[in-house]
Amino acid sequence: MDHCQHQGKSVLLVEGSDDCHVILALCQLFSIPENFGLYQCGGYTNLLKRLNALILQANGPEIIGIVVDADSQDIMSRWQQIKEKPELKSYHFPHIPTPEGTVITGENNKPKLGIWLMPDNKNPGMLEDFLIDLAPQDGIKAARNCVANAQNQELTSFKEPHLSKAVIHTYLAWQDEPGKPLGQAVTAQVLQPSTQTAKAFIDWLKRLFNP
């Protein structure tokens, strides 16, 4: 089975293949038991659709986790979108995302639910912002300066919300085997998951799937 197309009683839904492979790499590095699978949904909207379907499914998963990008300027708008899904009305959500990652016990035979908003449940952003935190900050500073210089010369065409993507891939382009995929960069420890945010993410996975 494709590592990013798991279907079983414990599943972690993610937006894209990069999310899947980064999380697989983190689980391997931290020796997380392989008692849950990952499912790559192809974007935020598709992830919510799959979450809804799994919650309503007879004999569906017992534990569902989701990892989504906060993306927008206000992380609370993303949080409200999730909380207000009709299929999730029976869950007792905290008012704000739990900084250490949200875990909610299901009632009336509903699955246990876990939510992680990239990058850290507190700030807007995406997977690449999470990964920027794993890189040496002097290298990231240089990558930011490089990207800013290219912008000043009108050599770029990426959208502003994707700035962190440009920065992390610029940094990785300077490392051994330039262009290494994000998951492989974690496995090779070009990106080192020793930060508090990375440890909090791993602890959230353990609380959700290995309490």
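Projected label points at Ile96 and Gln81, each 7 Å from Cα along the beta carbon direction, are separated by 2.0 nanometres. For the chain, the list of Cys residues with no other Cys C-beta under 4.7 Å reads Cys27, Cys41, Cys146. Normalised by residue number, the volume inside the convex hull of the Cα atoms of the chain is 121 Å³ per residue.
The stretch 6-77: percent of C-alpha pairs farther apart than 14 Å? Display every interim value, and only then the final one.
On the way: 1570 of 2556 pairs.
That fraction is 61 percent.
With Cα atoms defining each centre, the stretch 50-129 and the stretch 138-206 are spaced 25 Å apart in the structure.
By the helix-only formula, in which each DSSP H run with n ≥ 4 contributes -39500 (n - 2.57) and the sum is divided by residues, the chain has a 222 nm mean residue ellipticity of -12500 deg cm²/dmol. Under 10 Å, Cα contacts only: if you run a Gaussian network model on the chain, which one of Gly65, Gly106, Gly125 comes out with the highest mean-square fluctuation? Comparing Gly65, Gly106, Gly125 in a Gaussian network model of the chain, the most mobile one is Gly106. What shape does the stretch 127-181 have by the C-alpha gyration tensor, where a ≥ b ≥ c are the square roots of the eigenvalues, rounded means a/c under 1.5, and otherwise prolate means a/b greater than b/c and oblate the rest? It comes out prolate by the Cα gyration axes.
Coordinate-derived values only; no laboratory data. Here the structure is a predicted model, which means the values were calculated and not measured. Cβ: placed from backbone, ideal geometry, glycine included. Neighbour counts: every protein chain shown.
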